[in-house]
1. Would you grab the residues whose amide H sits under 5 Å from the one on GLU176? Only those 5+ places off in sequence or on another chain, please, with H modelled 1.01 Å from N.
2. Name the residue from ILE28, THR125, LEU102 whose Cα lies farthest towards the positive end of the charge dipole of the chain, charges +1 on Cβ of Lys and Arg and -1 on Cβ of Asp and Glu.
3. Quick check: net charge around SER202, other residues with Cβ under 14 Å of its Cβ, Lys/Arg +1 and Asp/Glu -1?
4. Cα to Cα, under 27 Å, and not fewer than 8 places away if on the same chain: which lysines meet these conditions relative to LYS115?
5. Expressed in nm to one decimal, what extension gain is obtained for the pair ALA149 and LYS45 from 0.36 nm per residue of sequence separation less their Cα-Cα distance?
6. Using the scaling law 2.2 N^0.38 Å as the reference, what is the normalised Cα Rg of region 103-207?
7. By the scheme Lys and Arg +1, Asp and Glu -1, what is the net charge of all other residues having a beta-carbon under 9 Å from that of GLY213?
8. Non-local amide H neighbours of LEU4 (under 5 Å, H modeled in plane, Pro and chain starts lacking H): which ones?
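Each reported figure results from applying straightforward, stated rules to the coordinates on display, with no laboratory input. The model shown is predicted, which means the values in this text are computed figures rather than measured ones. Please note: Cβ atoms are built from the backbone with ideal geometry, for glycine as well, and neighbour counts cover all protein chains shown.
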Amino acid sequence: MKALVTGAAGMIGTALIKNLLDNSIEVIGVDNFFRGKSSNIDLLKSHASETGSNFEFYECDLSKNIDDTLFPIPDAVVHLADVVAGIKYVFNNEFELLNQNLLIDANVTSYINKKKIPRYIYVGTACSFPKHLQNGINSKLFEESKFPAAPESTYGWSKLMGEILTEQLGKNKNTETCSIILHNVYGFYCDFDLSRSQVIPSLIKKAKNLKKGEILDVWGSGEQSRSFIDARDVADFLTSALLSSKPLKIFDKAQIGDPYATSIKRVSEIIIKYFDEKKLILRFNKNEPSGDLGRIPDLTKARSLGFIQKIKIEDGIKDLINWALQANEI
Ligand SMILES: NC(=O)c1ccc[n+]([C@@H]2O[C@H](COP(=O)([O-])OP(=O)(O)OC[C@H]3O[C@@H](n4cnc5c(N)ncnc54)[C@H](O)[C@@H]3O)[C@@H](O)[C@H]2O)c1
């Protein structure tokens, strides 16, 4: 199988492509380095030569018309390229983000439709569920309650439109499709740039740069919670869907995440514990955005398809800090 992975230089893209190369899948990667890193592509190229698998990379802005002669025609597409970022970036760039993601998703589905590519996997987000259903650690999100739609941000709206495009593409009989819905993903190869980073990398970087006894500023009350999932667990599930001999539609709308929500206070405590010798002090800053109060996934479908969360948040955060220190990312 030859798989095209968009967003190849990003966090989930890099984790997924490593897995696919381990499974001897030929991979075509595409990214425009909006947020992904060339160091991730270098890593994937060396992983390909170590595993003896084939990896080709093409720099391409998917918000523009796709030149379909640029790369070989794949048998399957996993579409991960979209603008995704930390909460402040999302709320400060609502128009650009919506506009960009609609363009990217429409171009990718137009390309697949034109080339009659047999398999297409899109990734949706828990942020597309109505804001009023995201009220705390026990707020389980069920697919049936996604409509009437009322996402909190244009990011959530853009990804919801991506799901709808995916559903409609799947009706044309040339392409099997599914949307896999992700909760909050963190892990190796992520963005640590504080202007766009998501909560875990952002707190790790801030904590690393503080001196002994200084204050770690945490956005919101700290009581807001999320279902965090390591990108390696996400990559495993996406790989199993891509390689499955079953119809892709059985994976449609499977939610992936931790069954338990972890508060941002707890995440901060795990991080400062790692830097224990610095004796950092937590301060919760309610003047900064914090997003929905909390949510957890309905894992019924994912579990029936073999999903297991192998990496607990405490271990995943520790692994991420070790990796970031060793890779000089923070
Ligand atoms: N990280 C999360 O918590 C999370 C949760 C739910 C869903 N998702 C979805 O998963 C996917 C991957 O997210 P990620 O966390 O790996 O983020 P990421 O930012 O690391 O990866 C996205 C990649 O897309 C690329 N990209 C952006 N615009 C592009 C364009 N115009 N042309 C080509 N490439 C472009 C970026 O450079 C980046 O490498 C996204 O679709 C995101 O919406 C992520």
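1. Residues meeting the amide H criterion: ARG119, TYR120.
2. Checked the options; the winner is THR125.
3. Neighbourhood net charge equals +2.
4. LYS2, LYS18, LYS45, LYS64, LYS159, LYS171, LYS173, LYS246, LYS249, LYS253
5. Result: 33.3 nm gained on full extension.
6. 1.26
7. For residues surrounding GLY213, the net value is +3.
8. Answer set, sorted by chain and number: ILE28, ASP75, ALA76, VAL77, VAL78.
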